[in-house]
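Notes follow once the structure below has been shown.
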Amino acid sequence: MLTNSEIAIFFEKVANLLEIDGANPFRIRAYRLAADTIKTLAHSAADMVNDNENITRLPGIGKDLAGQISEIVKTGALSRLETLEQKFSPELHQILKLPGLGPKKVRVLYEKLNICTLGALQEAAVQGKLQALPGFGAKTEQHILQELTLRSQGKARVSWAAAEPIVKSLITYLETEASITEIAVAGSFRRRKETVGDIDVLVAGQNPTAVIAHFVAFSPVERVLARGQTKSSVVLQSGLQIDLRIVARDSFGAALHYFTGSQRHNIAIRKLAHKKGLRINEYGAFKNGQPIAGRHEKDIYAALDMAFIEPELREDRGEIKAALAKRLPELINPQDICGDLHCHTIDSDGFNTIEEMVRAAKKKKYQYLAVSNHTWGHPYVHGLDPEETLTLIKKIDQINQKLDGLTLLKSMEVDILEDGSLDLPEQVLKALDFTVCSIHAELNLDRTKQTERIIRAMDNPYFTILGHPSGQLINQKAGDKVDMPRIIEAARQRGCFLELNANPDRLDLNDTYCRIAKENKVLIAISTDAHRIGQLDYMRLGVGQARRGWLEANDVLNTRSLEQLKRLFNRGSQQM
DNA sequence: GCCGTTTTCGGCCCGACTGTTTTCAGTCG
């Protein structure tokens, strides 16, 4: 069965080739919008088709596209795409991905030189055949050669956490330029997406020329892509692209809004402005040509008579409607967190003792910390057998007696075995305060089997929290190997919880599933899965992801006091 | 191709930079 991402690719490809074909730009955009809608859909589009659900209620999907989705799901192909790929070539998509090459130029390459592969493009560029083409020149040819070389080195999106130190050092560096009065990072970094493709930096200052000169002299800069009057783009040695934009102070808020995006959010906001007789661009909000807002970002929303929308929500997923109705969620903040429910110690594969972890947790003013080591199914991470687990429980009890201000909770990260049973016997499980149950092996079962394995595990009355629920690894492994809406429903029925694992390589649960859990009143445990004291700081990454998932403090398990927590862990008291 | 307090047609967000031009098209965000 096709995943949503796989279905979306069909539409992205149609959009690409339609663009090369010179089709109506709005028709092209409709395909792109549809691809985006499907990609970020919470439920499986294939399931919706098979269940005869009305797909046209999805935004941007009308009768025609609904039919095409159905065709893709039922046949695994799309005749409209095949027709286009016969007219052009399926390989043109690759060329279109090169920066600087858009549909018009690709069409010229195809029609004049019959180029449809990257190899053919490189050959023609080396031979100097490109600069003679209309609209091309020597510089374009050079750029193409450069991009082809860089491409072989690979340039992926980087995780938010990997971008953060780069952003910090850039800001520190920019602050040394005296003419700058304000600096903000915008774009997907500000929206806290799991990964960022580039970094958008916005600056207010009186001397744009000096700012740009300073910017391109940032030592990690490898090459300068563009250097204009008010904007500049560079690529760092790490391959990360930074876009800098300079605006006047009075436009800073409008520009911050514009460059924070997302594009879909901006389009929706500008459409709304249009309806209200306003015009919004990066310089401000205008009524009859006169500026009515621009200095502060919140004024842009106020001009539209709507509540301020936090950056994490700006994805055109209902936030505009909610802001107009003044019914936006009050998003969770790091200070709402009362403790961490998943960490490891040297007793399994951690690097610090329980006592060291406790000291670090106390510094965070936590009320509680749960030690959740691995179980014996995992010899290579020093998983504990039942006897060792009971010994550890006694040890934790002893430490607890000496503690004041913080309570250690007794937990284990229990393996969910292939048949859905848990990796510890009942008499050990019941000695714990709660469990984090995770899958670590047999990761490649088919989707239905994997889903049922988890639900079967939840049938065990000692199952409390599902650890790293989807198994996603940022930039490595998609989290679509389980039917998450079904798992969330199963958790709701059984009084179980889902983890949002805050490890920067996981950030598992994703924003969409957090939101479905919230809608189903299934609480989320934001946990660091720390293996050393420093990793307890991952909590803020988890909170960032939770905010993207519309979560409020009340939607999160570990914002509860210890007493509330213990009541919630008692499944018997809340079972249906 | 979608959509509707302008509902079956006629709109659809908006501006900067580069390179190739000689006033602007193409690309990007």
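The values are calculated or read from the model by the stated rules, or taken from the named source; none is laboratory data. Keep in mind that this is a model prediction, so the values were computed, not measured. Here the Cβ positions follow ideal geometry from the backbone for every residue, glycine too, while neighbour counts run over all protein chains shown.
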Item to check | Boolean, A:GLY76 is on the phi > 0 side of the Ramachandran plot and within 14 Å of DNA strand B (Cβ to nearest atom) | outcome: no
Checklist entry - Do any helices (runs of 4 or more DSSP H) entirely within segment A:118-179 hold 3 or more residues that are aliphatic (A, V, I, L, M), more than 15 Å from DNA strand B (Cβ to nearest atom) and under 32 Å from the mean Cα position of the chain (by Cα), and if so, which? => result A:160-174
Checklist outcome for this item: Of (1) surrounded by 12 or more Cβ atoms within 10 Å (Cβ to Cβ); (2) within 29 Å of the chain's Cα centre (by Cα); (3) away from DNA strand B (no atom under 11 Å from the Cβ), A:SER89 fails just (2)
Checklist entry - Does A:ILE516 fit the bill of being buried (at least 16 other Cβ atoms within 10 Å of the Cβ), part of a strand (DSSP E or B) and assigned by TED's automatic domain parsing to the domain that holds A:LEU341? => result no
Item to check | Residue in segment A:17-37 that is farthest from A:VAL106 (Cα to Cα), counting only those that are more than 11 Å from DNA strand B (Cβ to nearest atom) and at pLDDT 90 or above | outcome: A:ALA35
Next on the checklist: Just to be sure before I move on: is A:PRO99 closer than 29 Å to A:ASP316 by Cα, within 14 Å of DNA strand B (Cβ to nearest atom) and either in contact with a His (Cβ under 9 Å, 6 or more places away or on another chain) or assigned by TED's automatic domain parsing to the domain that holds A:ASP480 (or both) in the structure I sent?
Outcome noted: yes
Checklist entry - Which of (1) part of a helix (DSSP H, G or I); (2) out of contact with any Asp or Glu (no Cβ under 8 Å at 6 or more places or on another chain) does A:LEU443 not meet, given it meets every other one? => result (1)
Checklist entry - What are the residue pairs meeting all of these: first residue in segment A:83-101, first residue touching a residue at least 12 places away in the same chain (Cβ under 8 Å), second residue of a type in the set (Phe, Trp, Tyr), Cβ atoms under 8 Å, and 6 or more apart or on different chains? => result A:PHE88/A:TYR110; A:SER89/A:TYR110; A:LEU92/A:TYR110
Checklist outcome for this item: Scanning segment A:334-369 residue by residue, those assigned to a strand (DSSP E or B) and of a type in the set (D, E, K, R) turn out to be A:ASP340
Checklist entry - Looking at (1) touching a His at 6+ places or on another chain (Cβ under 8 Å); (2) surrounded by 23 or more Cβ atoms within 10 Å (Cβ to Cβ), which is the one condition that is false for A:LEU498? => result (1)
Next on the checklist: Checking A:ASP64 against (1) part of a helix (DSSP H, G or I); (2) surrounded by 14 or more Cβ atoms within 10 Å (Cβ to Cβ); (3) within 11 Å of DNA strand B (Cβ to nearest atom): exactly one of these is not met. Which one?
Outcome noted: (2)
Checklist entry - All but one of (1) within 15 Å of A:VAL14 (Cα to Cα); (2) outside any helix (DSSP H, G or I) hold for A:LEU81; which doesn't? => result (2)
Item to check | Matching residues, segment A:180-203, being buried (at least 19 other Cβ atoms within 10 Å of the Cβ) and either assigned to a loop (DSSP other than H, G, I, E, B) or outside the structural domain of A:LYS231 (by TED's automatic domain parsing) (or both) | outcome: A:ALA186, A:ARG191, A:ARG192, A:LYS193, A:GLU194
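Quick one: which helices (runs of 4 or more DSSP H) lie wholly within segment A:239-325 and hold at least 3 residues that are surrounded by fewer than 22 Cβ atoms within 10 Å (Cβ to Cβ) and within 9 Å of DNA strand B (Cβ to nearest atom)?
Values: elements: A:252-260, A:263-275, A:297-303, A:319-324.
Hits in segment A:239-325: A:263-275.
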Checklist entry - Got a number for residues in segment A:38-61 being in a loop (DSSP other than H, G, I, E, B), away from DNA strand B (no atom under 11 Å from the Cβ) and touching a residue at least 24 places away in the same chain (Cβ under 8 Å)? => result 5
Next on the checklist: For the structure I just gave you, tell me whether A:ILE396 is of a type in the set (Val, Ile, Thr) and closer than 30 Å to A:MET48 by Cβ.
Outcome noted: no
Item to check | Out of A:LEU202, A:LEU236, sole residue that is at pLDDT 90 or above and touching a Pro at 6+ places or on another chain (Cβ under 6 Å) | outcome: A:LEU236
Checklist entry - Of (1) within 26 Å of the chain's Cα centre (by Cα); (2) more than 20 Å from A:LEU174 (Cβ to Cβ), A:GLN237 satisfies all except one. Which? => result (2)
